[in-house]
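Notes to accompany the following structure.
The values are calculated or read from the model by the stated rules, or taken from the named source; none is laboratory data. Since the model is a prediction, treat every value here as computed from it, not as a measurement. As a convention, Cβ positions derive from the backbone with ideal geometry for all residues, glycine included, and neighbour counts pool all protein chains shown.
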Amino acid sequence: MAEEEPIMRLENVNAGYEKLQTLFDVSLEIPRGKITVIVGPNGAGKSTLLKTLFGLTTVYSGKVIFEGKDITGLPPHERAKLGMAFIFQLNNIFANLTVIENLRLAGHDLPKDELEKRINEVFETFPRLRERMYQKAGTMSGGERQMLAMGIGMIRKPKLFLIDEPTAGLAPKIAKEVLANVKRLNEQGYTVVLVEQNVKAGLEIGHKGVLVVSGRIVFDGPAEQLLARKDLAKLYLGLAV
Amino acid sequence: MDWNLFTSTTIYASVLALLSLGITLIYMTTKVFNFAHPRLSLVAAYAAATLMAYYAQSTGAQPNLTPKSSFLGSLTVPFSWEFYVIGVIVAMAFGVIAALVEYYGILKPLQRRGADYLMLMIATLAYDFLLVATLFIYNTHVDVRKVLARIGVLSTKMSMTSYDVTIVTSGGAFISGSFIFSVILILLLGVSLYLLLFKTTLGVKMRASVENPPLAEVLGINVERVYAISWIISGLTAGLAGYLMLMAAGAGNLKPISATSPADEIVVSAFAGSIIGGVNSIFGSIAGGLLIGYIELYIPNWLAIWTGNAELFKYSKVISMLAVAITLLFAPEGLAGLLKGERWKKLFGRKEEEGVSEE
């Protein structure tokens, strides 16, 4: 079944930043239509793993496969064309542009009526953005910014969303809202890979859980199973048991 | 009011505005302080002068300096309009060529080899020396001299001021073509930059690429092309400045371009304009350039009248340096910073919008 075929796969990947290797022999499958949550202690390589999916790191060996195609050496903007959207942790919007300008820019290569249609879809998913349409994006709250960042991603109708720690530095209440929005994104049919430092909240919205420690995958399975593994939680995640 | 001081200062201020704009634009996009920038206009001026003279030579046109009467007053148009149009177009073209050679020939290759911003800055200085030396060789070349001499222009002290269009009104006021051109140019430049940056997709892409290049790239915007466009605009405006320097040499602080004084001093004022404008603001740079132009000439003029010492005129550059010092000390964001909303909001006790950033 096509449903069973993963959208993306890493095969025995060794990767890092130039000469500094941070990922060791990583193999991973990203299931289609699901939320995959990558968790792990600080500096474990969660973000590196996500960036490797998007081509922002150096891959020394192994393969990166997207929809059956080997894209290991492909630069990020080419991957964007294939249907991958990466949402950075910080600076993921244009603060000096208005909300609507941000969205129009994201769809700069779309036909006009198609773009307007997609902007409308974004506004339906995130009504708050419609209210803020003509406001400079930089004057919005942290939660709204993340909302806009996801909206920018949606305009391009990506097959895969890669979201890097969207709740970092946000107040707990707003963080919860942001994760709810990630879930809403998934409910619209988007496949999501999420890196999240808030392990519990992250795994609660996720289908698949991946635990990365010291650059290696330690757990790879259903999110609720990872959540239930008290031994792992104690060891690596600092969760109160 | 001293009309002649006003018109010549306006021309000078416009040249500075054009140059400051180019410096700021390049700094905003490629983060390089381009010390060679004012010299790009020199290349443009030399090329324009040569080709204008060549045009006059090939068509056998002689300057016609007898004034005609018109509804504005007595009007002198030494050459046909093609002569001036050729000058403007050639100047813009060579400004762009000199800018693109700098970017693609020097800065980009260095960047690819991992040069940092400091290295690039020094490289722009090297390019500056290279241009000066090349132009020196060029304007002492015997054929170039001959072509220019044909219409009475000295290659060692290049100026076409005597061929500028002039109007002397019935009231005796003197209006030069360069003055009219510079006023129209600055207005047009302001309006067209506003339209480009805020009303076109390209403009939004430019603003986006300036603010957040990695994100722009992720969205499939060709940031590299946006940078190239900004170098082209900077070359165009340098070319226009060069044309004005050629046609209005002697106006304000504009020196006739020569091998011994190859527009050296204007570098200082152009950078002052950019810094006072706020370094990161396009419109600030235009305002900054204009402001420097006016205060550099008006303040020494007032001081000279007040003290009765005409020598004070020589110290006009001190004024721009002081203006830079004051800006950096008290308003480092320059004119752009002063005009930003926050300052006024605070003055009137309005609170900032809530939740501006939680990062």
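The set of residues in the stretch B:26-35 being in contact with a Ser or Thr (Cβ under 6 Å, 6 or more places away or on another chain) and within 22 Å of B:ALA13 (Cβ to Cβ) consists of B:ILE26, B:ASN34, B:PHE35. Of the residues making up the stretch B:116-131, those that are surrounded by fewer than 17 Cβ atoms within 10 Å (Cβ to Cβ) and either touching a Pro at 6+ places or on another chain (Cβ under 9 Å) or closer than 24 Å to B:SER155 by Cβ (or both) number 2. In the stretch A:59-78, the residue that is farthest from the other protein chains (Cβ to nearest Cβ) out of those that are modelled with pLDDT under 90 and not in a loop (DSSP other than H, G, I, E, B) is A:GLU78. Being within 14 Å of chain A (Cβ to nearest Cβ), touching a Lys or Arg at 6+ places or on another chain (Cβ under 7 Å), part of a helix (DSSP H, G or I) and surrounded by 15 or more Cβ atoms within 10 Å (Cβ to Cβ) holds for only one residue in B:LEU215, B:LEU197, and it is B:LEU197. Go through B:ILE167, B:ILE232 for me and flag whichever is in a strand (DSSP E or B) and either within 14 Å of chain A (Cβ to nearest Cβ) or surrounded by 14 or more Cβ atoms within 10 Å (Cβ to Cβ) (or both). The unique qualifying residue is B:ILE167.
When the stretch A:79-115 is filtered for residues that are outside any loop (DSSP other than H, G, I, E, B), more than 9 Å from chain B (Cβ to nearest Cβ) and free of Cβ contacts under 8 Å to residues at least 12 places away in the same chain, the ones remaining, listed by number, are A:LYS112, A:ASP113, A:GLU114.
Anything in the stretch A:201-217 that is more than 19 Å from A:PRO31 (Cα to Cα) and touching a helix residue (DSSP H, G or I) at 6+ places or on another chain (Cβ under 7 Å)? List them, or say none.
To start, the set of residues in the stretch A:201-217 that are more than 19 Å from A:PRO31 (Cα to Cα) comprises A:201, A:213-216.
Scanning the stretch A:201-217 gives A:ALA201, A:VAL213.
Of B:ALA61, B:ALA36, B:ALA49, B:ALA91, all but one fail to be in contact with a strand residue (DSSP E or B) (Cβ under 9 Å, 6 or more places away or on another chain) and small (Gly, Ala, Ser); the exception is B:ALA49.
Apart from one condition, B:GLY114 fits all of (1) assigned to a loop (DSSP other than H, G, I, E, B); (2) among the small types (Gly, Ala, Ser); (3) closer than 22 Å to B:PHE271 by Cα; the exception is (3).
Picking from residues in the stretch A:211-237 that are modelled with pLDDT under 85 and of a type in the set (A, V, I, L, M, F, W, C), the one that is farthest from the chain's Cα centre (by Cα) is A:LEU235.
Against the list (1) assigned to a strand (DSSP E or B); (2) within 12 Å of chain B (Cβ to nearest Cβ), the condition A:GLU29 fails is (2).
What number of residues within the stretch B:170-184 satisfy the criterion of being polar (S, T, N, Q) and outside any helix (DSSP H, G or I)? Going through the stretch B:170-184 one residue at a time, the tally reaches 2.
Whenever a residue of the stretch B:314-327 is touching a residue at least 12 places away in the same chain (Cβ under 8 Å), its partners that are acidic (Asp, Glu) and surrounded by 16 or more Cβ atoms within 10 Å (Cβ to Cβ), lying with C-beta atoms within less than 6 angstrom and at least six residues away or across chains, give the pairs B:SER316/B:GLU296; B:ILE319/B:GLU296; B:SER320/B:GLU296.
Name the residues in the stretch B:139-158 that are part of a helix (DSSP H, G or I), under 23 Å from the mean Cα position of the chain (by Cα) and farther than 12 Å from B:LEU42 by Cα, would you?
Kept after step one, since they are part of a helix (DSSP H, G or I), are these residues of the stretch B:139-158: B:139, B:142-150.
Still in the list and also under 23 Å from the mean Cα position of the chain (by Cα): B:139.
Within the stretch B:139-158, no residue meets the criteria.
For residues that are among the charged types (D, E, K, R) and within 12 Å of chain B (Cβ to nearest Cβ), scanning just the stretch A:138-163, find the one that is nearest to A:LYS46 (Cα to Cα).
So the first thing to find is which residues in the stretch A:138-163 are among the charged types (D, E, K, R), and the list is A:144-145, A:156-157, A:159.
When the remaining residues are screened for being within 12 Å of chain B (Cβ to nearest Cβ), the result is A:144-145, A:156.
Working: A:GLU144: 24, A:ARG145: 22, A:ARG156: 25 Å.
Looking at the filtered set, the residue picked out is A:ARG145.
Can you pull out the residues in the stretch A:123-137 that are more than 14 Å from chain B (Cβ to nearest Cβ) and either of a type in the set (D, E, K, R) or closer than 15 Å to A:ALA180 by Cα (or both)? Explain how you work it out, then say what you get.
Here is the first cut: in the stretch A:123-137, the residues more than 14 Å from chain B (Cβ to nearest Cβ) are A:123-127, A:129-130, A:133.
Hits for the stretch A:123-137 are A:GLU124, A:THR125, A:PHE126, A:PRO127, A:ARG130.
Are there strands (runs of 3 or more DSSP E) fully within the stretch A:153-232 with at least 1 residues that are under 16 Å from A:ALA85 (Cα atoms)? List them. Let's see the steps before the verdict.
Values: elements: A:160-164, A:191-195, A:208-213, A:216-222.
Hits in the stretch A:153-232: A:160-164, A:191-195.
For the structure I just gave you, tell me whether A:THR52 is out of contact with any Pro (no Cβ under 6 Å at 6 or more places or on another chain), β-branched (Val, Ile, Thr) and in a helix (DSSP H, G or I). Quick ask: steps written out before the conclusion?
Details: out of contact with any Pro (no Cβ under 6 Å at 6 or more places or on another chain): yes; β-branched (Val, Ile, Thr): yes; in a helix (DSSP H, G or I): yes.
Criteria met by A:THR52.
Quick check on the stretch B:61-76. Is at least one of its residues assigned to a helix (DSSP H, G or I) and not acidic (Asp, Glu)? Scanning the stretch B:61-76, I find no residue that is assigned to a helix (DSSP H, G or I) and not acidic (Asp, Glu), so the answer is no.
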